[in-house]
Amino acid sequence: IGGALNRPLVTGKDSVAAAIASKHFSTATPENDLKWQLVHPRPNEYNWEQADSFVAFCEKIKIVPIGHCLVWHGQVPRWVYLDDAGNALTRDALLSRMKDHILTVVGRYKGKIKAWDVVNEAIADGGDEVLRNSLWRQIIGPDFIAKAFEYAHEADPDAILRYNDYGLENPAKRQKLIKLIKSLQEQKV
């Protein structure tokens, strides 16, 4: 059993919650500290302090850290999608940024973080479209998910790679996920 650990818990400011996690959890994800806007806020700038604290806390209490998340439509700085002139990136340029980010982040924690939520919440909540109309999909295309998994596997071939979403008790959304999984399997992802 596990949970999402926030910064006060990891840093010891919330000792009650830390004690509960230490006693009852076998795994945990950082609440926000590995999301793109916090760990990679500007081009060529990474902020490892909070993510390193999360990993160190998990090591200290002997629980398995889960990396959350590498590619998501939320909490991504606008610069990720734009060139120096403020125009939308090309497919190849955004793939390059995605690859660099994933190789850097996963590479830093290779062997320490055992599993990664590679892509988060890409399924559309309503309508007929399988995928959410995110900037990842608009610029790269629907294969952005397969590429993210490819890059994560390249960075750490031993890590467990996962897709993460919510609301799958809804039969229509669950069917979209099944369609996505079958498509990824057909692509040998």
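The values are calculated or read from the model by the stated rules, or taken from the named source; none is laboratory data. For clarity, every value in this text was computed on a predicted model and none was experimentally measured. Every residue, glycine among them, receives a Cβ derived from its backbone with ideal geometry; neighbour counts consider all protein chains shown. Surface areas here come from the heavy atoms of the whole protein model, side chains and all, with no ligands, DNA or RNA. Shrake-Rupley method; radii C 1.70, N 1.55, O 1.52, S 1.80 Å.
A compact table of results
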{"read-out": "Test: D143 is charged (D, E, K, R), crowded, with 19+ Cβ neighbours inside 10 Å and within 17 Å of the chain's Cα centre (by Cα)", "value": "no"}
{"read-out": "Tally of residues being touching a residue at least 24 places away in the same chain (Cβ under 8 Å), out of contact with any His (no Cβ under 9 Å at 6 or more places or on another chain) and either exposed (fewer than 15 other Cβ atoms within 10 Å of the Cβ) or not aliphatic (A, V, I, L, M) (or both) across region 80-109", "value": "8"}
{"read-out": "Residue check, I123 closer than 22 Å to P77 by Cα and open to solvent by less than 70 Å² (accessible area, probe 1.4 Å)", "value": "yes"}
{"read-out": "Residue tally, condition part of a helix (DSSP H, G or I), in contact (Cβ under 8 Å) with a residue 12 or more places away in the chain and closer than 15 Å to K60 by Cβ, over region 6-16", "value": "2"}
{"read-out": "Breaking point among (1) under 27 Å from L177 (Cβ atoms); (2) touching a helix residue (DSSP H, G or I) at 6+ places or on another chain (Cβ under 6 Å); (3) open to solvent by 60 Å² or more (accessible area, probe 1.4 Å), for K112", "value": "(1)"}
{"read-out": "Residue tally, condition of a type outside the set (S, T, N, Q), in contact with a helix residue (DSSP H, G or I) (Cβ under 6 Å, 6 or more places away or on another chain), part of a loop (DSSP other than H, G, I, E, B) and over 18 Å from D125 (Cα atoms), over region 161-189", "value": "1"}
{"read-out": "Some residue of region 77-99 being out of contact with any Lys or Arg (no Cβ under 7 Å at 6 or more places or on another chain), of a type in the set (K, R), in a helix (DSSP H, G or I) and within 26 Å of N6 (Cβ to Cβ)", "value": "yes"}
{"read-out": "Hits in region 59-74 - residues which are over 19 Å from D156 (Cα atoms) and surrounded by 13 or more Cβ atoms within 10 Å (Cβ to Cβ)", "value": "I61, I63, W72, H73"}
{"read-out": "Residue in region 48-65 that is in contact with a Pro (Cβ under 8 Å, 6 or more places away or on another chain) and in a loop (DSSP other than H, G, I, E, B) present", "value": "no"}
